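Peer 1: Have a look at this one.
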Ligand SMILES: [Zn+2]
């Protein structure tokens with residue numbers, strides 16, 4: 001079985017399924033970042049690793065894309081089995097700002113905060 005994850009470019013607002021480990025058939029639903037760098041086919045920038053369960057918003061839906069980027073920067077991933085008692089990740093920017101403040105120990109917050117300067 002191939003383990004594929006969602007990677008996104010927040011500038012172009014596109015997402016792709018890619019492998020995140022050197023071994024194609026290994027991986028975990030709780031993986032926090034990719035071992036493999038994938039660049040955006042459109043702009044060439046490194047794409048963000050979002051986890052297995054990310055569902056890409058429409059490209060025109062800037063609000064939802066910004067929400068996903070804020071969550072990603074705060075260390076949230078679309079990961080896990082879906083069976084936990086924590087609230088689902090929000091999909092609007094306004095909700096997301098509150099959500100991050102109120103859910104710092106959320107079970108899907110598995111990565112450390114990421115700032116773009118160090119992500120290349
Ligand atoms: Zn791009």
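Peer 1: Order of 70-79, 91-100 by packing, highest average Cβ count within 10 Å first?
Peer 2: 70-79, 91-100
Peer 1: Normalized C-alpha radius of gyration of the stretch 45-120, against 2.2 N^0.38 Å?
Peer 2: Normalised Cα radius of gyration, the stretch 45-120: 1.05.
Peer 1: Full extension from residue 21 to residue 53: what is 0.36 nm times the residue separation minus their Cα-Cα distance, to one decimal in nm?
Peer 2: Fully extending the segment from residue 21 to residue 53 adds 9.9 nm.
Peer 1: Now a separate question. Which value in deg cm²/dmol, rounded to the nearest 500, describes the helix-derived mean residue ellipticity at 222 nm for the chain, given -39,500 (n - 2.57) per DSSP H run of n ≥ 4 and division by the residue count? Let's see the in-between values first.
Peer 2: Details: 2 runs with 22 residues, N = 120.
Roughly -5500 deg cm²/dmol at 222 nm, from the helical runs in the chain.
Peer 1: A further question follows. Quick one: grab the alpha carbon gyration tensor of the stretch 1-54, order the square roots of its eigenvalues as a ≥ b ≥ c, and give me rounded if a/c is under 1.5, else prolate or oblate depending on whether a/b is larger than b/c. Let's see the in-between values first.
Peer 2: Numbers: a/c = 2.23, a/b = 1.79, b/c = 1.25.
Note, shape of the stretch 1-54 comes out prolate.
Peer 1: Give, in nm to one decimal, the length gained when the segment between residue 113 and residue 43 is fully stretched (0.36 nm per residue of separation minus the Cα-Cα distance).
Peer 2: 22.8 nm
Each reported figure results from applying straightforward, stated rules to the coordinates on display, with no laboratory input. The shown structure was predicted, so the numbers you read here are calculated from the model rather than taken from an experiment. Positions of Cβ are backbone-derived with ideal geometry, glycine not excepted, and every protein chain shown enters the neighbour counts.
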